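Read the structure below first, then the notes.
The values are calculated or read from the model by the stated rules, or taken from the named source; none is laboratory data. Note that the coordinates shown come from a computational prediction; the quantities given were computed from them, not determined experimentally. Backbone-built Cβ (ideal geometry, glycine too); neighbour counts: all protein chains shown.
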Amino acid sequence: MRIDVHTHIFPPEVAARREGFFDGEPAFRLLYEAPGSRLATAEALIENMDRTGIDRSVVFGFPWESRELTRRHNDYVLESAAKHPSRLIPLACVAPTAPGSMEEADRCLRAGARGLGELAVYEDHDVQEVLKAHEDLFQLCRSHGGVLLVHANEPIGHRYPGKAPFGLDFYYALARMASGMALILAHWGGGLCLFELLKKEVPEVLSHVHYDTAASPYLYHPSIYAMVSKIVGPERVLFGSDFPLLSPERYYREMAQAGLGEMEIQGILGGNAARLLGLTGRIVRE
């Protein structure tokens, strides 16, 4: 079973006319103002999954500031998952610091979302305020037995749209906050995974964290697959494509170059996510 744990889908009206949704949404404008920034509907995702051999995808929307847009987008994700129940696994997406985020997250979790994600704050905020907002959402997700997927990025190197302004200490604090929960840190945890080489404290604090591969071909050398698998164990690495940013084929090629064993590759491509998400049974292609 191949599982992509990191995909974005957008309602058709947003995908068709993105410029109509920029006002009051600086993060959305930042990430998607460039015409080459791809937006995809659920049907485009399913088509890509069929073409690239993906059985199931974890899907989510975007952390809008607007309550109305957040609700509309989450409803689209939930409706799409209900339409393709054997293929799509929905997470609820909210902007952690936006008014009403707790109420919207609770509504979606009660409506069938399997957790929260991709939680992200792309602009400068008071760090303590952002941590408190995440803590409240984490506790809510914990009460529903949900999975968390949180955006993380490397704090050094080149700038690009969507590179959040927080350091690795921020993501480390989130990992501590989510102790005992299923936590996925996107984009290799921004490199936090490499600090599991430390002897004291860090390996224990991060022991429940999984790392996804989203955007890896843009950010890291293919050797990161073997390196992180050796440091944290291959069972804690999850394939995430960040579709429609990238299609799975790029990742398949890089994994083939990384010096991994076949069992390790199969685990990353789906076995690890299946265990984390409690997925069993035969996939029925629609």
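Observations, loosely collected:
- Close pairs (6 angstrom Cβ cut-off, 6 or more residues apart or separate chains): in contact (Cβ under 8 Å) with a residue 24 or more places away in the chain and surrounded by 14 or more Cβ atoms within 10 Å (Cβ to Cβ) in the range 249-265, assigned to a helix (DSSP H, G or I) and of a type in the set (A, V, I, L, M) anywhere: 255/265; 258/226; 260/226
- Failed item, numbered, when residue 186 is tested on (1) surrounded by 20 or more Cβ atoms within 10 Å (Cβ to Cβ); (2) over 29 Å from residue 44 (Cβ atoms); (3) touching a strand residue (DSSP E or B) at 6+ places or on another chain (Cβ under 8 Å): (2)
- Test result for residue 230, more than 24 Å from residue 275 (Cβ to Cβ) and of a type in the set (Lys, Arg): no
- Within the range 209-248, the set of residues being among the aromatic types (Phe, Trp, Tyr) and either surrounded by 18 or more Cβ atoms within 10 Å (Cβ to Cβ) or under 13 Å from residue 54 (Cβ atoms) (or both) comprises 211, 220, 225, 239, 243.
- Filtering the range 109-125 to residues that are assigned to a helix (DSSP H, G or I) and either free of Cβ contacts under 8 Å to residues at least 12 places away in the same chain or loosely packed, with under 14 Cβ neighbours inside 10 Å (or both) leaves only 110.
- Residue in the range 164-175 that is farthest from the chain's Cα centre (by Cα), counting only those that are modelled with pLDDT under 95 and buried (at least 18 other Cβ atoms within 10 Å of the Cβ): 166
- Residue in the range 69-81 that is more than 19 Å from the chain's Cα centre (by Cα), surrounded by 14 or more Cβ atoms within 10 Å (Cβ to Cβ) and polar (S, T, N, Q) present: no
- Unique match (being small (Gly, Ala, Ser), more than 19 Å from residue 75 (Cα to Cα) and buried (at least 16 other Cβ atoms within 10 Å of the Cβ)) among 40, 27: 27
- Residue that is modelled with the lowest pLDDT [pool: residues in the range 256-286 that are hydrophobic (A, V, I, L, M, F, W, C) and more than 12 Å from residue 2 (Cβ to Cβ)]: 284
- Test: residue 225 is modelled with pLDDT of 95 or more, in a helix (DSSP H, G or I), among the aromatic types (Phe, Trp, Tyr) and more than 27 Å from residue 249 (Cβ to Cβ): no
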